[in-house]
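The values are calculated or read from the model by the stated rules, or taken from the named source; none is laboratory data. Every value quoted in this text rests on a predicted model; they were computed, and no experiment measured them. Don't worry about glycine lacking a Cβ; one is built from the backbone with ideal geometry, like all the others, and counts go over all protein chains shown.
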């Protein structure tokens, strides 16, 4: 049986490994079959076939028929999807319950204590990091925003204004509601709709000068984007995070000068 590799790789979305994918596809093509037959047409070693089929049965992908020789019956893919969805929801609910309990436990207090004590030992020059990909950058940026106490200043591109509004808007709104001053500088080409959306929780001004992309929080840490988000895919967007007063002051001063000229 010849099956394209890309097709088998997509079956990982069902939670199957390579052998499981090959045997399930083989069984789907036959409807019902023995372990030996499935091994032959799927190229899965016979020594592994029985334990892999047992795994598929436990996951609800196949049914073991009664009788000798033992045969296996394929469960319809549409039914499998429903079973996988149910399992994912159940596992997510269990993990959510565990994490909720952990949040209020002594374990978290101990972990926080270790972190606080550890931070005291960190050299100031070590408080930096690099991020590749917009998702990773925004993930850390959301942490910065959630920890903000006084101010958040953002200078961004047209694309960035929309992307940050979508991904970080909730965190920024909560920060503003708690009393944090939020200022945003966007390009003059930014749409009125986007500017109006930002204006609901922050002070917004348009800039016409050289475009820079950064976010300064509490005048102590900065996320600086290094790439042009109009020329690279978001998965290649790069940024650096630095907690260094002199470095942050420079960009904070640049933002203030741009802000006052409008």
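Screening residue 184 against (1) more than 13 Å from residue 214 (Cα to Cα); (2) surrounded by 17 or more Cβ atoms within 10 Å (Cβ to Cβ) leaves a single unmet condition, (1). Quick check, is residue 168 surrounded by 17 or more Cβ atoms within 10 Å (Cβ to Cβ) and out of contact with any strand residue (DSSP E or B) (no Cβ under 7 Å at 6 or more places or on another chain)? Yes, satisfied. The set of residues from region 45-81 being in a helix (DSSP H, G or I), under 32 Å from the mean Cα position of the chain (by Cα) and either exposed (fewer than 13 other Cβ atoms within 10 Å of the Cβ) or in contact (Cβ under 8 Å) with a residue 24 or more places away in the chain (or both) comprises 52, 55, 56, 58, 59, 77, 78, 79, 80, 81. Criterion applied to 163, 176 was being touching a residue at least 40 places away in the same chain (Cβ under 8 Å) and crowded, with 17+ Cβ neighbours inside 10 Å, and the one residue passing it is 163.
Picking from residues in region 206-228 that are farther than 15 Å from residue 144 by Cα and either over 22 Å from the mean Cα position of the chain (by Cα) or not assigned by TED's automatic domain parsing to the domain that holds residue 187 (or both), the one that is surrounded by the most Cβ atoms within 10 Å (Cβ to Cβ) is 207. Among residues of region 229-257 being under 20 Å from residue 140 (Cβ atoms) and without any contact (Cβ under 8 Å) to a residue 24 or more places away in the chain, the one that is surrounded by the fewest Cβ atoms within 10 Å (Cβ to Cβ) is 233.
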